[in-house]
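What follows is a set of notes on a single structure, which appears directly below.
The values are calculated or read from the model by the stated rules, or taken from the named source; none is laboratory data. All values derive from a computational prediction rather than experimental measurement. Reconstructed Cβ throughout: ideal geometry from the backbone, glycine too, with neighbour counts over all protein chains shown. Surface accessibility is based on the protein's heavy atoms, side chains included, excluding ligands, DNA and RNA. Shrake-Rupley method; radii C 1.70, N 1.55, O 1.52, S 1.80 Å.
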Amino acid sequence: MMVKRYVVRDMPEALLRIRSDLGKDAVILSSKRIHVRKWLIWRSKRIEVMAAVAGDLPVKIPAYHPSAYGQVAAKPENVSEKAEEQKRILRGETSNMSSTMSMQSIGDVQIHSANSTIGITSAQEDTRQVLLPILDEMKKLTYRLQQLSSQNTVFVGGMNQEHFQLQQLLVQQGISVDTVREWMQESGVLSMPKVGDYQLLLQSFRNWFIQQFQTFAVPSPIQSTSRIVAFVGPTGVGKTTTIAKLAALHVLSGERKVGLITCDTYRIAAIEQLRTYAQILGIPLEVAESDAVSLNKAVDSLSHCDLLLMDTAGRNYFNQRSTQDVQTLLSIAPIDEIVLVLSLTSKAEDLNRLLEAFSTIPFHKFLFTKLDETSSYGVAAELIWKAKKPLSYITTGQNVPDDISPSTKDFVLKSVFGEGHP
């Protein structure tokens, strides 16, 4: 017979350790409260449990029957007595048991209870491991259904299957649901009878779109008559690199003498970055503060240049003060064109908010950057539609001057209808 002593905080801990060490046939011989000395003076209360296991002990652990739980026992008085004995053991009110058989019986109940608990816990853990991937997938499906529901219920009662399909195409390109609703209503596709032919509906919408965008979809690069062109936009959209690309293109063409002006005295190393490009291209650079005297002096210093590209500071244009500062700066010099530079990697919601913030600045055209860092840019067409301003250039990387090109009608169509647009 193997006998082991356990010092534990409570009986459940003892039961788990006994089962782990001695197996399911173990019996509890005794249990009592003891005090354990720690740090010389402090004494902690613990329970000392003596347990044993041997092949010659007549121990019989009843089988576990889930159906028996929750039912009234056949002999309630016996169950009550055993329950009272268990409570006394857990409270530490008993000492060494005088009757081995009675201890065995209590031990049977205790070990059986531990076995059942461990069995249930193990089964629950197995079930949890099986259900977790299913629950995760259900969450994803629920989220997707909510998205589809929010999109598909926009035109309740006025859409058929083909309308839904067209709506999904536009939304997947990054166009907001509100703008999709406006386009579908104004194009008249919602009033079309159910034709059962999605391609016919798509072609009708495409014809309307081309007609509406025929003015703004036409590329609008820097005009040959423009001398001072200012570039505005939030931080991090690539204004400085874009200016360097445009300057390089004009220098390589040899048709116009180019000069650079930077008013970006806020960002660290912004001036040095543009100065490096100017030195490489062999063109002059002037630094101007955000005041009339400094800016006019810079313009006069570059009077021998045919084209002046002006870099402004990237600011938080959700702040009204920043917008007012730029508006004041742009009113000082005789600027011919103001180009709003935006990155298509920004969220559509933020881009629409920026457009509202720039509503007080009379910019003339858009320039979109970082097309190589996103796969959907329908918001470009949405911004053009809302502002009724043309698009000048698009950029697709950091290489100077290669990764820039004038906008095309095909780009606008692609932004709305995707790669394989009709």
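Backbone amide hydrogens, once placed in the peptide plane, bring Phe216 within less than 5 Å of nothing, excluding anything fewer than 5 places away on its chain.
Largest accessible area first, the residues Tyr6, Tyr277 order themselves as Tyr277, Tyr6 under a 1.4 Å probe with ligands, DNA and RNA left out.
Per residue, how much accessible surface does region 360-422 expose to a 1.4 Å probe? Answer in Å², no decimals.
Value for region 360-422: 40 Å² per residue.
Amide H contacts of Ile228: Leu308, Asp336, Glu337, each under 5 Å away and 5 or more positions distant or on a separate chain (H built 1.01 Å from N in the peptide plane; Pro and chain starts excluded).
Keeping the other protein chains in place, figure out the carbon and sulfur percent of the accessible area of region 177-240, with a 1.4 Å probe.
C and S atoms contribute 47 percent here.
Percent of Cα-Cα pairs more than 14 Å apart in region 197-252, please.
72
For the cross-link pairs Lys245/Lys297; Lys257/Lys389; Lys4/Lys32, which exceed 19 Å when the distance is taken from alpha carbon to alpha carbon?
Lys245/Lys297; Lys257/Lys389
Projected onto its three principal axes, the C-alpha set of region 224-322 covers 40, 27, 25 Å, listed from the longest axis down. For the set Thr374, Thr328, solvent exposure ranked by accessible area (probe 1.4 Å, protein chains only) runs largest to smallest as Thr328, Thr374.
Scalar couplings 3J(HN,Hα) for region 359-364, obtained by applying the Karplus form with A = 6.51, B = -1.76, C = 1.60 to θ = phi - 60°, are 5, 8, 9, x, 6, 9 Hz; x denotes Gly and Pro. Each label was represented as a point 7 Å from its Cα along the Cα-to-Cβ direction; for Leu200 and Glu373 these points are 4.5 nm apart. Can you flag which of Lys139/Lys414; Lys347/Lys414; Lys139/Lys370 are past 30 Å Cα-Cα? Too far apart for the 30 Å limit: Lys139/Lys414; Lys139/Lys370. Mean projection of the Cα convex hull over all viewing directions, computed for region 335-419: 5.8 nm².
Given a Förster radius of 25 Å and the C-beta distance between Ala387 and Thr345 as r, what FRET efficiency does 1/(1 + (r/R0)^6) yield to the nearest 0.05? With a Förster radius of 25 Å, E is 0.80. Rg and Dmax of region 174-228, both derived from C-alpha coordinates alone, stand at 16.2, 54 Å. For region 244-329, which GluC sites (Glu not before Pro) are in a loop by DSSP, counting at most 16 other Cβ atoms within 10 Å? When the GluC sites (Glu not before Pro) of region 244-329 are filtered for loop state and at most 16 Cβ neighbours within 10 Å, Glu255, Glu289 remain.
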